[in-house]
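Working notes, structure below.
Throughout, read-outs are computed from the coordinates displayed, never taken from laboratory work. Worth saying up front: this structure is predicted, and the values here are computed from it rather than measured. In this analysis, Cβ positions are derived from the backbone assuming ideal geometry, glycine residues included, and neighbour counts consider all displayed protein chains.
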């Protein structure tokens, strides 16, 4: 079943250039080294060279190359034109709409110049593990999606499709939930389970909601109590008594 994190409006925004670019990003991502300019200059046609240069900067800035190259913020377009020694007015926006095959060639050349590579299965596996760890904390789906993009870009891995990333976030959150259950299992006896259920119902009666992030935080809290000896087991009774905690606070601990 598809997992949709972004709304249709958000999805459209994530697929295009931001409307503005700050000075730091402009300099960092759209200033080309001499050898890069030599490689770009070797390409055919002024519009082709411009498109490849935009692609190199877009990969560094966003981790992917938007389809609508003409939406690149004007300061970045002007900086590219000056480095290619062409007038920005000579670049016709309509000429940047390359056919599918030509666009694929431009993106491939931009990846080669920018030293980016496609996202592999091993990258997705590593990213899923990283996201699952983040899901144990307080990161929601949208924050995890942003984190995934931000983690791939410095590694010079091109961003996969948004649907792929949304599914990955969903799988990672499921992994995180299973990890929460694994951590709680050693201390989650019937008595403690009932106490946690009562606490959850108390939150609901007060109009509060505990999401997965909250459960994760509670699991970390339980694990910490175990480590501190605040939550101890009575092997004969088969239950747990909590000192200063949820249940059995008035009982002696052996």
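Of the numbered conditions (1) over 21 Å from residue 70 (Cβ atoms); (2) not in a helix (DSSP H, G or I), residue 17 satisfies every one except a single condition; which is it?
Result: residue 17 passes all but (1).
What residue, among those in the range 135-152 that are farther than 15 Å from residue 5 by Cα and over 10 Å from the mean Cα position of the chain (by Cα), is surrounded by the most Cβ atoms within 10 Å (Cβ to Cβ)?
The qualifying residue surrounded by the most Cβ atoms within 10 Å (Cβ to Cβ) is 136.
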